[in-house]
Amino acid sequence: MKKHGKTRLGCAVLFAIYCLAMLWLLFLYRRAPTGIRRYNLIPLQTIRRYLVGFTLGWTSARLRIALVNLAGNVAVFVPLGWFLPRLFSAQRRLGWFLLTVLLAVSAVELCQMLTTFGTLDIDDLLLNALGAVIGWTVWKTARGNREKRGR
């Protein structure tokens with residue numbers, strides 16, 4: 001097997017592991033169905049509430065929850081932005097990439113609400129997409145640097 005084929009296979013295996021970890025994190029980690037379907041469809045409402053909390057001097061526990069929610073929703077989707085364009089050539093175009101990410105995250109949010117394992121929150125969609133775009137930008141930058149060195 002050529003080096004490129006081994007690298008691609010390794011990347012595909014890591015992507016599968018990432019997907020399994022995300023399923024666990026998004027649906028099973030410290031969660032039980034609440035039986036209540038909750039949702040927020042007002043953009044920036046949750047983000048604004050957390051940012052206001054930072055300025056109001058919330059307790060350290062509430063601030064930690066806010067920080068984990070905001071930063072975590074971005075960070076956990078950074079790898080998605082790196083894996084997709086490496087594995088699928090159509091994902092190298094930003095438009096197709098964004099469409100894929102928005103559809104995938106929307107499906108996750110909808111499933112969380114329908115199964116009552118979480119809340120459908122438009123702000124999660126925005127933060128997750130931001131994380132994926134950061135990952136895509138890292139991939140794009142690294143690819144450009146690699147191509148410059150190859151010349």
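Throughout, read-outs are computed from the coordinates displayed, never taken from laboratory work. Just so you know, these numbers come straight off a predicted model, no measurement behind them. Here the Cβ is made from the backbone with ideal geometry for all residues, glycine too, and neighbour counts use every protein chain on show.
Work out the length of the dipole vector of the chain about its Cα centre, built from +1 on the beta-carbon of each Lys and Arg and -1 on the beta-carbon of each Asp and Glu, and round it to the nearest 20 debye.
Once rounded to the nearest 20, the dipole reads 880 debye.
Evaluate the distance, in nm, between pseudo-label points positioned 7 Å from the Cα of TRP24 and of ALA75 along their respective Cα→Cβ axes.
The modelled label-to-label distance comes out at 1.7 nm.
For the chain, take the longest principal axis of its alpha carbons; what is the angle in degrees between that and the long axis of helix 94-115, to the nearest 10 within 0 to 90?
Orientation of helix 94-115: about 40 degrees from the principal axis.
Over the chain, what is the relative contact order in percent, taking alpha-carbon pairs closer than 8 angstrom and at least six residues apart?
Relative contact order, the chain: 36 percent.
How long is segment 31-94 along each principal axis, judged by its Cα atoms, biggest number first, in Å?
Result, largest extent first: 46, 32, 23 Å.
Please compute the Kirkwood hydrodynamic radius of segment 1-147 from all pairs of different C-alpha atoms, in Å with one decimal.
Averaging 1/r across every pair of different Cα atoms and inverting gives 16.7 Å.
Using +1 at the C-beta of Lys and Arg and -1 at the C-beta of Asp and Glu, which of LEU98, TYR50, ILE65 has the Cα lying farthest in the positive direction of the dipole of the chain?
Towards the positive end, the residue furthest out is LEU98.
Give a quick list of chymotrypsin sites (Phe, Trp or Tyr not before Pro) in segment 11-88 that DSSP marks as loop, anything other than H, G, I, E or B, with at most 15 other Cβ atoms within 10 Å.
Hits after loop and neighbour filter: TYR29, TRP58, PHE88.
Using just the helices of the chain, give the 222 nm mean residue ellipticity in deg cm²/dmol: DSSP H runs with n ≥ 4 each add -39,500 (n - 2.57), and the total is spread over all residues, rounded to 500.
-24500 deg cm²/dmol
Which shape class applies to segment 65-151: rounded if a/c is under 1.5, otherwise prolate when a/b exceeds b/c and oblate if not, where a ≥ b ≥ c are the square roots of the Cα gyration tensor eigenvalues?
Verdict is prolate for segment 65-151.
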